[in-house]
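Undergrad: The structure is given below, and queries will be raised subsequently.
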There are 2 protein chains.
Amino acid sequence: MSTLFTNAWVLTVDTAMTEHSTGWVHVEGSTIEAMGAGPAPALAGAEIIDCDGDIIMPGMVNTHCHMGMSVFRGLAEDVDDRLYRYILPLERKFVTAEMVRIGSALSALEMIEGGVTSVADMYYFESEVGKVAAEAGLRAIVGQTLADFNAPDHADFEQGFARVEALVDAFAGHPLITPSIAPHAPYSTGLAVMERIAQWADAHPHVPVQIHLAESQLEVDWAQENHQASSVSVVRQSGLLRPGLIAAHCLHLSDADIALMEEAAAGVATNPRSNGKAGRGIARIEALRLAGIPVGIGTDGPMSGNTLDLFAQFAPVSMFAKLLAGSRKPLPARDVIRMATIEGARVLGLADRTGSIEPGKQADLIRISLSAARLQPIYDPYSMLVFAAGPTDVTDVMVAGRWLKRAGVVQTLEPKKILRDAMQIACAFKAEMIRIDGETA
Amino acid sequence: MSTLFTNAWVLTVDTAMTEHSTGWVHVEGSTIEAMGAGPAPALAGAEIIDCDGDIIMPGMVNTHCHMGMSVFRGLAEDVDDRLYRYILPLERKFVTAEMVRIGSALSALEMIEGGVTSVADMYYFESEVGKVAAEAGLRAIVGQTLADFNAPDHADFEQGFARVEALVDAFAGHPLITPSIAPHAPYSTGLAVMERIAQWADAHPHVPVQIHLAESQLEVDWAQENHQASSVSVVRQSGLLRPGLIAAHCLHLSDADIALMEEAAAGVATNPRSNGKAGRGIARIEALRLAGIPVGIGTDGPMSGNTLDLFAQFAPVSMFAKLLAGSRKPLPARDVIRMATIEGARVLGLADRTGSIEPGKQADLIRISLSAARLQPIYDPYSMLVFAAGPTDVTDVMVAGRWLKRAGVVQTLEPKKILRDAMQIACAFKAEMIRIDGETA
């Protein structure tokens, strides 16, 4: 199957940031065959998509998410003890394979709507997340979480490891889904278990490791009290600080921590809206990037960051870098778009196949309509994408040559059923919250 | 003409934050007649709008804008000297009554699309802004700017005052448009002229005063060097710090400055995205609000803040308050919505007629569709509005009982013509920028 996008404003996001203000992209099967400027070449048998001047760019990469948690979206907002008061009790009572399936489907729907084509996820019952992502047609790293706090799908680490093994077996060789192991965080895994995970990961070099790292003051204090070291140092000591580690948040980093992460060739998923909303702080993105560490953008789970498109993260990630420096210059808009695409793909170990429009890469593409008044005029497409565009400007989404959204309509999921299922769960949550409030009143 | 909104989730944003999860609103002519919970009363001759569970809420109030500048949107992003290198030269060469008309029309279109029903504007050729806003059907405070830097429409303050007088005459008694006088900033007006403006304002008690205040380090230094005082103190000395003063930005405020502003009964327009993007800092919104000062949200001009809907400001204003405090608790979502509606109306002196759904107020209403996946589930409508909704969720907009947007279509403007005109200006700007870059290369 050949598809030829013509009359498109092509942003390739290759190393040279090659841009064709009027150009074309040729997709053959699941792969990008070629692209160029000017009128498209004749191509017998290809479906021609006239883009009418719209932008064609790489699909976006969400480097940190908890897809199952969309059913918690906006629950107990602005409450400091929401985690212990509501979230953990609700998770223990309600998180089942079915809930994860429903929450993940709602998240997949939202990500496709907003132009995300690759996602790194970590949660419980993660095999269900993999199934949903595969059906939806998303490219996904799916990480089974391991944690010591009586997690909903494993009473102890033995059960947790069994879930990891089952996940790895279920998706071995899958073209879109990469199984992953995800120790929750240093303080909720502990040094000994992190060492065991590091050994397991040594034996499974194609299984990426994800972890929440240097996210909170609680974690900093834990590392100091128990190991007289920084959180990054403890992870390094365990052997987990390694090439391809996907470290989410990284708010509390010293220069020495950054040097350790660079030396280990780890990657970072920054989650600006989640961190900002929690009042936790601003990640030192420019320092990480200057050190040569790949930094992608994550939405975090919808309980923390509310939405799963990357547009909502662009202004925050940009403003935070500029506020830290007291200048307009840091993290220019084109670098934000690189973080959202090719840099994110590097963080996830997927840069050989996605994140830019280059011959031989997978056809993970999105089309952005420029018809909204708020987008015009356009002096620079990256500025427009970062500071004016939104998820509703994404009209078409393709992953590996398959249409996930076409002419504004999601092709691979049933929105009505997904929303109905999600609202049913939300009703149960509401009832339980009323019960909790009653008990503590 | 009677209109009855039925089957609506009514957020009144009255003092008690009264909410009807299934309710109705009755509009009679330009005025809100009544509202309530449950099924709507029978009303002979009324047009019935079945809202199908969508939200009906007050139209939003944009407390600081430069509508004419939409044609500068995204120009020279990330460049520290953009103001002196590009913007001022472009303004001097290109800002005419026609350009202001075109830019303001594009801004009016965008604001209506995104649910803004009232705006405070300050720029040049401001009579044109008033005409455009009136035609578009927006409620607007239109402020003729006075500045000493060879402004595009006045060579000196005499000419500037003549423009103010003409503006006041042109819109005397207009039901939607309130003329205003807008000294650009303390450093660009000077103490003597601010004194003159204060006297003029004493003689015109119904003409609100707008000013950029405590916006930059440059201004702080100016006040210190020339008057050995804070910028707020200098404005107070001039007599301009007064009830109803609309002070935009207010980034550099000491506790003493806040006390002076509270004592004077001035209001503040905070512009979080504009301030964040410029790397200028975070306004102490919670301190201002605790002092009893009304604080509304502004978009600033589209050159600084890019977009003109308030949704794009919600996460930044909220995150900034939480980051300053290091906690999730400050500025809860419902307070953000109050700032975007009734508090903004208070800042603009319009709270007697807009900003909440109450009997006798003007029918300035918007309808928000809840159909997008990213909005669901909804545990709290204010959290949904602040952290998940966007301008494209606004389906209907009414000001003073007149439909400005209906079923997704703007009723009072011609989008195609506006966009064509704006793009023509953008072409001229691009050519001039290339010339400037050539000269300085």
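Undergrad: So, restricting to strands (runs of 3 or more DSSP E) that lie completely within segment A:116-197, which ones have at least 3 residues that are modelled with pLDDT under 95 and basic (K, R)?
TA: On the way: elements: A:116-123, A:139-146, A:177-183.
Per the criteria, no element qualifies.
Undergrad: Restricting to segment A:383-437, and then to whatever is of a type in the set (S, T, N, Q) and under 23 Å from A:K131 (Cβ atoms), can you tell me which residue is surrounded by the fewest Cβ atoms within 10 Å (Cβ to Cβ)? Steps first, answer last, please.
TA: Looking only at segment A:383-437, we keep the residues that are of a type in the set (S, T, N, Q), and these are A:383, A:392, A:395, A:411-412, A:424.
Keeping just the survivors that are under 23 Å from A:K131 (Cβ atoms) gives A:411-412, A:424.
Working: A:Q411: 16, A:T412: 17, A:Q424: 12.
Ranking the candidates gives A:Q424 first.
Undergrad: I'm told B:A407 meets every condition in (1) under 22 Å from the mean Cα position of the chain (by Cα); (2) on the phi > 0 side of the Ramachandran plot except one. Can you identify the failing condition by its number?
TA: Failed condition: (1).
Undergrad: Here's a follow-up. Tell me, please, whether a residue that is more than 24 Å from the chain's Cα centre (by Cα), at the interface with chain B (Cβ under 9 Å from one of its Cβ atoms) and under 30 Å from B:L308 (Cα atoms) can be found in segment A:383-400. Step through it out loud before you land on a result.
TA: So in segment A:383-400, the residues more than 24 Å from the chain's Cα centre (by Cα) come out as none.
Within segment A:383-400 (the criterion being more than 24 Å from the chain's Cα centre (by Cα), at the interface with chain B (Cβ under 9 Å from one of its Cβ atoms) and under 30 Å from B:L308 (Cα atoms)), the answer is no, since none of the residues qualifies.
Undergrad: Quick one: B:T12 ticks every box in (1) touching a residue at least 60 places away in the same chain (Cβ under 8 Å); (2) over 25 Å from the mean Cα position of the chain (by Cα) bar one, so which box is it?
TA: Result: B:T12 fails condition (2) only.
Undergrad: Kindly evaluate B:G74 against the criterion of being assigned to a loop (DSSP other than H, G, I, E, B) and in the same structural domain as B:A134 (by TED's automatic domain parsing). It would help to see each step written out before you state the result.
TA: On the way: assigned to a loop (DSSP other than H, G, I, E, B): yes; in the same structural domain as B:A134 (by TED's automatic domain parsing): yes.
Judged against the criteria, B:G74 is a match.
Residue-wise test of (1) within 30 Å of A:Y86 (Cβ to Cβ); (2) of a type in the set (K, R); (3) assigned to a loop (DSSP other than H, G, I, E, B).
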position	(1), (2), (3)
A:R273	yes, yes, no
A:G296	yes, no, no
A:L323	no, no, no
A:R328	no, yes, yes
A:A340	no, no, no
A:L350	no, no, yes
A:G355	no, no, yes
A:E358	no, no, yes
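Undergrad: Restricting the search to segment A:360-376, which residues are within 14 Å of chain B (Cβ to nearest Cβ) and part of a loop (DSSP other than H, G, I, E, B)?
TA: So the first thing to find is which residues in segment A:360-376 are within 14 Å of chain B (Cβ to nearest Cβ), and the list is A:368-376.
Those that are within 14 Å of chain B (Cβ to nearest Cβ) and part of a loop (DSSP other than H, G, I, E, B): A:S369, A:L370, A:S371, A:A372, A:Q376.
Undergrad: Give segment B:249-263 a look and list any residue that's surrounded by fewer than 19 Cβ atoms within 10 Å (Cβ to Cβ) and not in a loop (DSSP other than H, G, I, E, B), or say none.
TA: Here is the first cut: in segment B:249-263, the ones surrounded by fewer than 19 Cβ atoms within 10 Å (Cβ to Cβ) are B:254-256, B:259-260, B:262-263.
Matches in segment B:249-263: B:D255, B:A256, B:A259, B:L260, B:E262, B:E263.
Undergrad: For segment A:39-51, give me the residue count where each residue is surrounded by 13 or more Cβ atoms within 10 Å (Cβ to Cβ) and either under 31 Å from the mean Cα position of the chain (by Cα) or not in a loop (DSSP other than H, G, I, E, B) (or both). First the steps, then the outcome.
TA: As a first pass, look at segment A:39-51 and keep what is surrounded by 13 or more Cβ atoms within 10 Å (Cβ to Cβ): A:40, A:43, A:46, A:48-49, A:51.
After this cut, where a residue has to be either under 31 Å from the mean Cα position of the chain (by Cα) or not in a loop (DSSP other than H, G, I, E, B) (or both) as well, the list is A:48-49, A:51.
Counting residues in segment A:39-51 that are surrounded by 13 or more Cβ atoms within 10 Å (Cβ to Cβ) and either under 31 Å from the mean Cα position of the chain (by Cα) or not in a loop (DSSP other than H, G, I, E, B) (or both) gives 3.
Undergrad: While we're looking at this one, here's another question. Quickly run through segment B:1-15 and pick out the residues that are crowded, with 20+ Cβ neighbours inside 10 Å and not hydroxyl-bearing (S, T, Y).
TA: Listed by number, the residues that qualify are B:L4, B:F5, B:A8, B:W9, B:V10, B:L11, B:V13.
Undergrad: Give the number of residues within segment B:350-374 that are surrounded by 24 or more Cβ atoms within 10 Å (Cβ to Cβ) and either over 21 Å from the mean Cα position of the chain (by Cα) or among the aromatic types (F, W, Y) (or both).
TA: 2
Undergrad: For segment B:405-420, name all the residues that are in a loop (DSSP other than H, G, I, E, B) and within 12 Å of chain A (Cβ to nearest Cβ).
TA: First pass over segment B:405-420, keeping only residues in a loop (DSSP other than H, G, I, E, B): B:407-408, B:411-414.
Passing the criteria: B:G408, B:L413, B:E414.
Undergrad: Moving on. Return yes or no: is B:I282 in a loop (DSSP other than H, G, I, E, B) and within 28 Å of B:A315 (Cβ to Cβ)?
TA: Numbers: in a loop (DSSP other than H, G, I, E, B): yes; within 28 Å of B:A315 (Cβ to Cβ): yes.
The answer is yes for B:I282.
Undergrad: For segment B:281-293, enumerate the residues that are within 14 Å of chain A (Cβ to nearest Cβ) and surrounded by 22 or more Cβ atoms within 10 Å (Cβ to Cβ). Let's see the steps before the verdict.
TA: First pass over segment B:281-293, keeping only residues within 14 Å of chain A (Cβ to nearest Cβ): B:281-283, B:285-286.
Correct list: B:A283, B:I285.
Undergrad: Could you tell me how many of the residues in segment A:421-439 are within 14 Å of A:S104 (Cα to Cα) and more than 10 Å from chain B (Cβ to nearest Cβ)?
TA: Total meeting the criteria: 1.
Undergrad: Right, here's the next one. Go through segment B:74-98 and count every residue that is more than 9 Å from chain A (Cβ to nearest Cβ), of a type outside the set (D, E, K, R) and under 15 Å from B:K430 (Cβ atoms).
TA: The qualifying residues number 5.
Undergrad: If you don't mind, there's one more thing I want to ask. Run A:D380 past the list (1) crowded, with 24+ Cβ neighbours inside 10 Å; (2) within 10 Å of chain B (Cβ to nearest Cβ) and report the number of the one that doesn't hold.
TA: Going through the list (1) crowded, with 24+ Cβ neighbours inside 10 Å; (2) within 10 Å of chain B (Cβ to nearest Cβ), A:D380 breaks only (1).
Undergrad: Restricted to segment A:101-115, and to residues that are in a helix (DSSP H, G or I) and not aliphatic (A, V, I, L, M), which residue is surrounded by the fewest Cβ atoms within 10 Å (Cβ to Cβ)? Even if it seems obvious, please write down each step before you answer.
TA: So the first thing to find is which residues in segment A:101-115 are in a helix (DSSP H, G or I), and the list is A:101-113.
Adding the requirement that they be not aliphatic (A, V, I, L, M) leaves A:101, A:103-104, A:107, A:110, A:113.
On the way: A:R101: 18, A:G103: 30, A:S104: 33, A:S107: 35, A:E110: 28, A:E113: 24.
Looking at residues that are in a helix (DSSP H, G or I) and not aliphatic (A, V, I, L, M), I get A:R101.
Undergrad: Looking for whichever is surrounded by fewer than 19 Cβ atoms within 10 Å (Cβ to Cβ) and either farther than 21 Å from A:S231 by Cα or outside the structural domain of A:A340 (by TED's automatic domain parsing) (or both) here; the options are A:K329, A:K322. Which one fits? So that I can check it myself, show each step before the final result.
TA: Numbers: A:K322 fails: surrounded by fewer than 19 Cβ atoms within 10 Å (Cβ to Cβ).
Going through A:K329, A:K322 in turn, just one is surrounded by fewer than 19 Cβ atoms within 10 Å (Cβ to Cβ) and either farther than 21 Å from A:S231 by Cα or outside the structural domain of A:A340 (by TED's automatic domain parsing) (or both): A:K329.
The values are calculated or read from the model by the stated rules, or taken from the named source; none is laboratory data. Model, not experiment: these values are computed from the prediction. When we count neighbours, we look across all protein chains shown, and the Cβ atoms used for this are built from the backbone with ideal geometry, even at glycine.
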